[in-house]
Structure formats: C-alpha cells, structure tokens
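Colleague: This is the structure I want to talk about, given as structure tokens.
Where a number appears in this text, it was derived from the coordinates with a stated rule and is not lab data. It should be emphasised that the depicted structure is a prediction, and the values quoted were computed from it without experimental measurement. Counting neighbours? That spans all protein chains shown, and the Cβs are built from the backbone with ideal geometry, glycine included.
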C-alpha cells in the first residue's frame, strides 16, 4: 500500500466537494478514477498533492502523513502530477520544462551554477541527457528548443507527462491526459501509460475516455457528487448498476 | 580626445553605470515574477551603512561597499519572508511601505544626520587620484589630467562590476536555479507542484536584488560626496522600475538598456526637466498597454538572430 | 487625555477608512491594487481647496466638486490605463505598474499646477471648537466624523440593499458568473472605480481640512496608509477596511501622544509586517482554502 486515503472530505465554503472518500493504491498498478464533470476528481488530486488541505480525513504515503506538507515536499516524496488544464512553462523550451522537473533531484545552487564547477557540469549534463531520454519516451522530439507553448496540443499533454516523470516519482497522477486527443494519439497514450507502468511506477489516472480507462486500468474507482460509488476491475465497473445510473442519469439531465 | 573625455560626459557615463547596476537589481527580483518597490530603500540602506562606515568608523571603501550590500540583503530577508509566502501583490505593498519607513528613520536618526544628510564622503575619484599621485604620476599623463584618469578608472571599476553582474545573470539563467526562477515566473503553482520550493527561490531572488541595490547605493554614496534622504525617495524606485519596464525584463540586457536610455534622455531634454516624472508616468502606462514585455524581449532576440542568419545555432 | 486622544484617533482613522474603502472596492471587483488611488485623493483635496479659496463655496459644495472630479479622473484612468490591459493576457503585475504610472503622472502634474508648497484651507472652520465633558472637539472634526461615518453607512446599505449594489457584489464575487447573470460588468467596473475615486476625493478634502494642509505629496503618504489598512483589514473586505482604518488612526494618534511623534508614519508599516507574520489574511479576512 503506497498511497492511502482515509475518510477524506473537502468542502469549499460549506459546499461539499468530496465526502468520506477512502481508497488505497498498491504499488505498480494503474488505477482509473472516473466520474461526471464536477464530481470532485481533480479536487482529489489537489488534496493529495498538498495544494489545499482536506477538511477532514487522513492521507498517507508509504506510512508518512501528507497533511500540511507543501506541494513541493509532496513531489520530493515521490508523487508527481499533470494538470487538467495544461500548465507548462510556456515560454521555456520543452527541454527546459523537463529539466525543471528534475529540480528536486538535483543540487547545484547559485555558487556552483555561477562558476560551473565540475560537479555542476556533470549534474547538468546528466539532467539534460535524462530530459532528452524522457522527451524521446513521450514522443516529443521535434522543436525541443522553441517555446513549449508553440507545440501542438497533444504534444503539450505528453510534455507534461515527461516533466512529471523528471521528478522521479513513484506514483504519477495524470489528470485527463487524453483530453483533446484524437484516436491515434489516445492509442499512443495508452502504450505510454503501460510503458510507465513497466518502468516500475504506479499510475493514478483521471479520465473521461472510457475506452482508454477500460483498456489500460487494473482497477477503476467511480466518483459521483463527491462520493465514491463503486470500485472494481474494469469489467465489474461496466456491469455496476450504480455506475450505469450515474452516467445515464447525467445524460438525461 | 579632451572633448570626448570631458568631466561632464564622464560623470554621465558613471551615472549610466550605477543605474545599469540598479537595473540588474530589479531584473533579478522580477525574474521570479515578483515586483519589489523597495529598491530605493535598499539602496539607501547600502548607501548609509557604507557612508557611516567610511566617514565615521574609518573603514576602507572596498570593505564598506559589500557590507552595505549585505546589510540591505539581510533587511530584505526580514521583509520578504512574510510577504513572499503570499501572492505577489503583498511584496509590492510591503516593500513600498518599507521604502517609506527607511526614509522616516533616516530623517530621524542622529547617525544619518537627518534631513541634512551625510556629506564629506570620500569619493572614489579622489581616493584614486591620491593613490595615483602617491605613485608619482605626473599631472599630465598621456594627455589626461589626474582627474580625468581617476574618473576613467572609476568608470572602469563600474564597468567591471556590471560585466560581472551580467555574467552572473547569464550563467544563472542557464543553471538549475535560473530554471527554477523562470518556472516560478511562468506559473508559480505549477512550479511548486514540480518540486520547487517557491518561497525559497522567490526570497533568494529578492535578496540578491536587494544585495545589488545596496551595493549600488554604497557606490553612489562614494561617487557623489553627499547623500541625503531625498536621494532615495519613492521616485527613485519608480525610475528603477521604469528601467525594467522600458527595456524589458526577460533578459538582463533589457533593464541595462532601459537604464542607459533613461539616464541619457533627461540630460538631452534638460529644458523639460519639470515634466520628467509626468513623462515617466505616461511611459509606464503606455508600455503596459502596448508593449508590456519591454523593448527587448526573448522574441526580439530570436527575431534578430534569425534575421542575421544565426538562427540555427 | 485618553478620551481626547481617542476622539482624535477616530477622526484620523475615519479618513483612513474612507481611503481604504476605495482600495477595497477596486480590489474586490477588479482584483487589482490601484496604486494611483492616493493621487486621485490628492487631486480631490486640491479641487476642494481651490473651490473654497477661489470660488468661496460652502465646504459641502467643495466636497461634492472634489467627489465629481475624482470620480471622473477614476473613469479616465480605467479607460486609459486599466481597460486596455484586460483585453489581453498580461502578467498580474501589469495593472499594478500601469497604475503606478498614473500615480506618478498625477503627482507630477499637481506639482506643476499647484506648486510644491503646502496650502491651507481658510481658517474659520478650524477655529470653532466645542467642549463636551473632557473632550474638546472642533467643528472640522465633527464634519469629518459625520461625513466619514455617514458615507460608510450609506455605502454599506447601498451595497447590500440596492440592485446596483448587489450587482457590484456579485461582480466582486465572480466576474464570469456576473456576466452569465446578464450583468453588464464593464458598466459595473466603471461604477465601482467612479465610486471608489469619488470617496477618495471626499476623503482628500476631509484630510486637507483636518491637517489644514494640502500638498502634492500627500497622495503617496495617504496611499500607503490606505494600503496598510487594506492588508490590516483583509484584502477586499469592506468591514475590515472600515475597522482597520479606525485601528490605524487610533494607533497613530497614541504613538504621537506617547512620545514617538516623528515615527508616526512608520506605524502603518509596522502593522503591515506584523500582520503578514501573524495573520496574513488580515484581521477580518477569512482564511483562504489554499495558497492558490
């Protein structure tokens, strides 16, 4: 059990965004989180990564309490994320974006950077090479020196994944990585997620693309109106009457 | 030769250099997307610390100037720590208030000599010319008077400091710390989520900016013989801010160019000196509306590079 | 002695509250700090002064004149310096810098028009004094207290009860929602800036009366006090601005009364730093959910 959420609730100004959500993530699995828009999925990621604290409940990672830790500390511990609305450092190059991701695993400070000490140059070289490897892995290989904001949409999503991987996470949280992608791109994404799993990482995936979720996930959780309404293998979820109701109900309304 | 090297031109060149150093100071703070309105305050801490050390305690200038810078930097950490945990607006207000308080304190303390200011500060120029004559330099050396030679040497020192600062900034930009700065400027919360301790780096950039402002203050105290509270009023801060707004704050060269233009322009337009601040104000508004990135931005550099056919490398 | 100082503090503080309300209103609706608010206040003071000295109008007419001028100036600023920035995605520092430009422009303009020297209101007003038990209070103080508190109550009532007031509050809450609800947000922004600046203009006359001095640099020092109150009371919090202003006024008067008169202007800043350390959301602000 690496990541454990215990009875986690969050409300904004009296409105409950999440109530009593509990789940566990096991090492090496791919977990999908699905649910209608506004169900509280992204709020869940924000709670885990320390962007805001839960109103109640406990979040632990490898037995360590994550409550009250600032986001960068959470990332240092080994949880990295991507954002639903892409948040790259737009005017930096893709390469620099990924190198920023390596920040918490590198050390050189102002002094070493100023004099380019041998240790700094070695670290910089290793960081760059690793960043290039990651860019290759996610398939962003052209234009790696022009601003990231000029990349096509699908590439930007992939670049975010590379940036998150550069923090050397054990768990990577992907927030709707397939949003805005076409079928081919989504298929590539599926392979990429599988590849990340084979690198020994755990993946938590928020996604609306049911095809992707059902194909890639080992386990799926369904959230509706801030509550977890179902959990199981993709096959079980597809049969679950509560889930069908949540989705059909939404389409009627 | 004498025409070009007359004392007036040399003096202006010296001011250009000091202002360019101040431009670097605001550039550093802005490189994390933070606006400091306390640069004049930090300058005055540097200037007063330095002047008091040399005039009243007999410290050598080369020691007093860095000490002044460090004093300003320490002060910036005290101000910056609480303000930088919050969003950018708080730093602007806290530093604006800080600048005013420094002014009030300087006006009231005995050691700063109140509104009268400190005079009789040994200038770098006189120090150097004394040194030169003690080496037995003749009154005319290569067609230059001792005064000219010493001002030229002062200018050389300032150029060296500026070159070092530019070197520092360029190196910094291409390092881990510089990337962290750029990431914070682009998107603070995303940077934090990528494992960057944003408070630490914002404070670092702010303290470096204050350090350089303090050093510039110390230098200016030893260039003008006299300092008073009026030298470091809010308008000075606005002027420094304008270097970055006009020149651009993407690259370290932006504020330096801004400082150059805004130091030379008032000299050329002496007749309009009453309207200088009005022009500055209008310039700030116009730049924000039409070219918020300033004259020199990353795109400008990219554009000219490709135009000059060096775009590939 | 104590009660006398308290009344003096309240008088001073109520003007701070008025100035801070201007910042707060604009902060609430536009989410920016109007660095030119102090200078708009200063122009209001000059307009009031010139109306009284050259046109010999009644002080209340002068205040009305100051209010109208300042409100128009605010609208002009919104059109020239703020609206162009809203159309494009610029850094959050851009409006701050733009209003600094307006501030420096106005201050320099005043310096050229009115000269650097401090000018005074005709003295008849300050001469009238009354004795209320242990307290000596001047007519000027009564006018200031009456106007400030009166305006604050009218404003509160207007914001909470009228249709336009509610529209302002909705816009402050969330500008997109307000748009969806069919509120003409551009009009509301105009109205808010005019209101804030108008209040600033009146405050300018009141402060000019109470110190019996009007000068171009009064904008900067008063602006700083207003900003201190903004942080003290909690950004965008109207009650906070009112009470924060009173607290600052009383604190300053007592600082002077108990000996440290030359450090009066440092009190505001000391409060900013203290608040940032111990209660960054302000005395009356609610704690935000997170830093983002």
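Colleague: Over chain A, calculate the relative contact order: mean separation of alpha carbon pairs under 8 Å at least 6 apart, over the residue count, as a percent.
Modeller: 27 percent
Colleague: Can you give the FRET efficiency for residue C:261 and residue C:131, using 1/(1 + (r/R0)^6), R0 = 35 Å, r = Cβ-Cβ distance, to the nearest 0.05?
Modeller: Details: r = 25 Å, r/R0 = 0.71.
FRET efficiency, residue C:261 to residue C:131: 0.90.
Colleague: Here's something else I'd like to know. Would you mind giving the mean number of other chain beta-carbons within 10 Å of the Cβ of each residue in C:275-282, as a whole number?
Modeller: 3
Colleague: Among C:44, C:198, C:28, determine the one that fluctuates most according to a GNM of chain C built with springs between C-alpha atoms less than 10 Å apart.
Modeller: C:28
Colleague: Quantify how strongly other chains surround peptide B:169-177 by giving the mean number of their Cβ atoms within 10 Å of each of its Cβ atoms.
Modeller: Counting other chains' Cβ atoms within 10 Å and averaging over B:169-177 gives 5.
Colleague: Apply 1/(1 + (r/R0)^6) to the Cβ-Cβ distance of residue B:111 and residue C:112, taking R0 = 35 Å, and write down the FRET efficiency to the nearest 0.05. Could the numbers behind the result be given before it?
Modeller: Numbers: r = 36 Å, r/R0 = 1.03.
Step by step, r from the Cβ atoms, then E = 0.45.
Colleague: Taking the Cα-to-Cβ direction at residue B:131 and at residue B:290 and moving 7 Å from each Cα, how far apart do the two end points lie in nm?
Modeller: For residue B:131 paired with residue B:290, the spin-label model returns 4.6 nm.
Colleague: I'd like the distance between the alpha-carbon centres of segment C:221-237 and segment B:1-77, rounded to an integer number of Å.
Modeller: 31 Å
Colleague: Can you tell me the convex hull volume per residue for segment B:101-140, based on C-alpha atoms, in Å³ to the nearest whole number?
Modeller: Hull volume normalised by residue count: 87 Å³.
Colleague: Further question on the same structure: Springs between alpha-carbon atoms under 10 Å, Gaussian network over chain B: tell me which of B:201, B:27, B:275 tops the mean-square fluctuations.
Modeller: B:275
Colleague: So, in nm, how far is label residue A:198 from label residue C:3 when the simple model puts each one 7 Å beyond its Cα toward the Cβ?
Modeller: According to this spin-label approximation, the distance is 8.8 nm.
Colleague: Using a Förster distance of 41 Å, how high is the FRET efficiency between residue A:128 and residue B:304, based on the Cβ-Cβ distance and rounded to 0.05? Can you show the working numbers first?
Modeller: On the way: r = 26 Å, r/R0 = 0.64.
Calculated value: 0.95.
Colleague: Just tell me how shielded B:181-190 is by partners: mean number of partner chain Cβ atoms within 10 Å of each residue's Cβ, no decimals.
Modeller: Taking the mean over all residues of the peptide, I get 6.
Colleague: Sequence gap at least 6, Cα distance under 8 Å: using those rules, report the relative contact order of chain B to the nearest whole percent.
Modeller: That works out to 33 percent.
Colleague: To make sure I understand, if each residue's beta carbon is the centre and we count other beta carbons within 10 Å, what order do C:23, A:153 fall in, fewest to most?
Modeller: So the residues, fewest neighbours to most, are A:153, C:23.
Colleague: What do you get for the angle between helix B:124-134 and the principal long axis of chain B? Use alpha-carbon atoms, 0 to 90 degrees, nearest ten.
Modeller: 40 degrees
Colleague: Using the alpha-carbon centroid of each, what span in Å lies between segment B:166-240 and segment A:193-224?
Modeller: Their Cα centres are 44 Å away from one another.
Colleague: Another question about this same structure. In what sequence, highest mean first, do B:69-80, B:35-46, A:108-119, C:29-40 appear when ranked by Cβ atoms within 10 angstrom?
Modeller: B:35-46, C:29-40, B:69-80, A:108-119
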